Amino acid sequence: MAPTADTDKAAKAIWDFQGIYTSSRHIPGVRFAGITHPGLIGCAPSAELLATWNKRESELMATQPDIRTYGAQYTGDIATLAALPNPQNCILGTTLTFDFDRIAVEAARTVPPREHGGNCDIKNLTRGTRIYFPVYVEGAKLSMGDIHFSQGDGEISFCGAIEMSGFIDLHVDIIKGGVEKYGMVNPIFKTSPVEPHYSEYLVFEGISVDEFGKQYFMDVHIAYRRACLNAIEYLKKFGFTGEQAYLLLSCAPVEGRVSGIVDIPNACCTVAIPTEIFEKDILPV
């Protein structure tokens, strides 16, 4: 998200847990129930799938080796279109019985989600969820981590979830032939019956036009970002700083939606904030 007068410096919030609820001394007047979940969970890719990832991401990089970030007007930062294998920073464990040099040049970076699952950061993958992963190698090699106490859809401030230590207790079954039977390409999951449910939301819209007035074609990233910026500006009218509003959208169980994807040139995205998390009334009057 592009820096503004209120978000161009580092900020953080420390959250205190009270059972399933959390509040922060840095964002007073807010309390909500967490949806604990692993940010990262998935099975290992096959050698063929790994080669597919590296090929398509390298091809993407070749189309535009570097791009200006949305905040470049302020910072001049350069971003890349993908994070390709990096042998210099590769971590493959402590054993030396494998071919480190060969593996290091093809080992996938674990930042993005892919067909195997991975770093999806989906807040609703919580206790009571049933998730189905495609299996690519013998033994599946299911792994998980990056546990969050709570997070809003999109984790909009990049590392904006409430991070926590913990453990995961789960049960695993195998559906033989399930990938072909159900036409799976990416994971599928059934939501939990025990996650917190808020009933009233204040919803902010955004379209494929950035804050500088530039029009984009059906760009849901721009539209969701615009919805978040609109929500931040609104919350500032109720006494929150830009930093507080930004962090709150990333931590609280806000609901993100792609609400319209058919009417050129604007996709429409929404971000819904549960009004019950605030001590005061934030509705327009």
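The values are calculated or read from the model by the stated rules, or taken from the named source; none is laboratory data. The shown structure was predicted, so the numbers you read here are calculated from the model rather than taken from an experiment. All Cβ positions, even for glycine, are placed from backbone atoms using ideal geometry, and neighbour counts span all protein chains on display.
So is E205 at pLDDT 95 or above and not hydroxyl-bearing (S, T, Y) or not? The answer is yes for E205.
For segment 203-225, what are the residues that are more than 21 Å from the chain's Cα centre (by Cα) and either assigned to a strand (DSSP E or B) or of a type in the set (K, R) (or both)?
First, the residues of segment 203-225 that are more than 21 Å from the chain's Cα centre (by Cα): 209, 211-217.
V209, K214, Q215, listed by residue number.
Residue by residue, here is whether (1) at pLDDT 95 or above; (2) in contact with an Asp or Glu (Cβ under 8 Å, 6 or more places away or on another chain) holds:
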site	(1), (2)
I41	yes, no
A62	no, no
I78	no, yes
R114	yes, no
G128	no, yes
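Kindly evaluate I232 against the criterion of being within 17 Å of the chain's Cα centre (by Cα) and β-branched (V, I, T). No, not satisfied. Pick from segment 258-274 the residues that are surrounded by 15 or more Cβ atoms within 10 Å (Cβ to Cβ) and not aliphatic (A, V, I, L, M): which of them is farthest from E195 (Cα to Cα)? Within segment 258-274, the match that is farthest from E195 (Cα to Cα) is N266. From the list L235, L248, L229, the one residue that fits, being in contact (Cβ under 8 Å) with a residue 24 or more places away in the chain, in contact with a helix residue (DSSP H, G or I) (Cβ under 6 Å, 6 or more places away or on another chain), part of a helix (DSSP H, G or I) and surrounded by 19 or more Cβ atoms within 10 Å (Cβ to Cβ), is L235.
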